Amino acid sequence: MASQDWFDKDFYKILGVEKTVEAAELKKVYRKLARKYHPDSNPGDAAAEAKFKDISEAYSVLSDPEQRKEYDELRAMGSGARFTAGGSGSGGFEDVFSRFQRGGGGGAADPGFDDLFSMFNQGRGSRRGGFGGFGGPQKGADVRARTTLDFLDAAKGETISLKGEDGKTFKVKIPAGVADGQKIRLRGRGRPSPNGGDAGDIVVEVTVRSHPVFSRDGLNVRLTVPVTFTEAALGATIEVPTLDGGRVKLRVAPGTPSGRVLRVKGRGIQTTKGTGDLLAEVEVAVPAHLSDAQREALEAYRALEPNENPRAGLFAH
């Protein structure tokens, strides 16, 4: 956007909002206007297309806190100024730049360019070009999107389809091991630049549905494994499921208590940053229904149990 546009165009008026408008309300207004004036909704309507470009340009500036601050300061400071091409000397910059003159009068007074540009540049000129950052191409605004994946799809990676603001559908590769709440940036897929710069990005926030068996702990995958009392007391070899749909065997040592975690190396989440483990937490299952013979057997065992109180440690402190 040329500097003159920042003086000539009232972006707040274009969007129909007050200068104090909050970001959320600004976004809401922009989306409503964008839908109304989008070229796809007004085929062949040059006026609607021009209006769409104006509101896109206005939102691109006002939605960026830094650009909005620059715009407000520049408009307040140079109200009514014109950047003209004709004339000699400063070429029409006098109305604004005369406020920053270091000298005191006379046609040869230094217009004080550094005083003005240093207010707005702050390291941004190299990115945007032009005088002190003004006039160079600007990156288009980012667009935010959301998607929801099943736990297993998130673990192995998935290609999904999203619909852009232009109504067109495009495919996105979600990498293996994406976590709930993670954001994925698709560079150059956001809103176009209002003046020939790079397009913005699409930022996709991923929600991962919970799984009835597996849960995630970093790159590790956890599951609870029920075992019978005799398996825990006497020891056993059991099978547990894995993320890829297979099974793996685990050895339950004699005397294994509830809460003990059995680890299977390398069977967790696999990403480019590493691979986690499968963590199986043992839970001793208590039968809800006993036959008469089973009850008698347990009564006989109870008579032979060691005379130990498993809760004694609770009262030792």
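For region 219-310, what is the charge dipole size about the Cα centre, in debye to the nearest 20, if Lys and Arg each add +1 at the Cβ and Asp and Glu each add -1 at the Cβ?
On the way: 11 positive and 11 negative charges, 136 e Å.
My answer is approximately 660 debye.
Using a Förster radius of 25 Å, what is the FRET efficiency between A47 and V21 based on their Cβ-Cβ separation? Nearest 0.05, please.
Working: r = 25 Å, r/R0 = 1.00.
Calculated transfer efficiency: 0.50.
Bridging of K9 to lysines at a Cα separation below 25 Å is possible for K19, K27, K28, K32, K36, K51, K53, K69, K139, once same-chain residues fewer than 8 apart are set aside. As a length-normalised measure over Cα pairs under 8 Å and 6 or more apart, the relative contact order of region 219-310 settles at 33 percent.
Extension gain, L219 to A233, is 1.9 nm, computed as 0.36 nm per intervening residue step minus the present C-alpha separation.
Each reported figure results from applying straightforward, stated rules to the coordinates on display, with no laboratory input. Here the structure is a predicted model, which means the values were calculated and not measured. Reconstructed Cβ throughout: ideal geometry from the backbone, glycine too, with neighbour counts over all protein chains shown.
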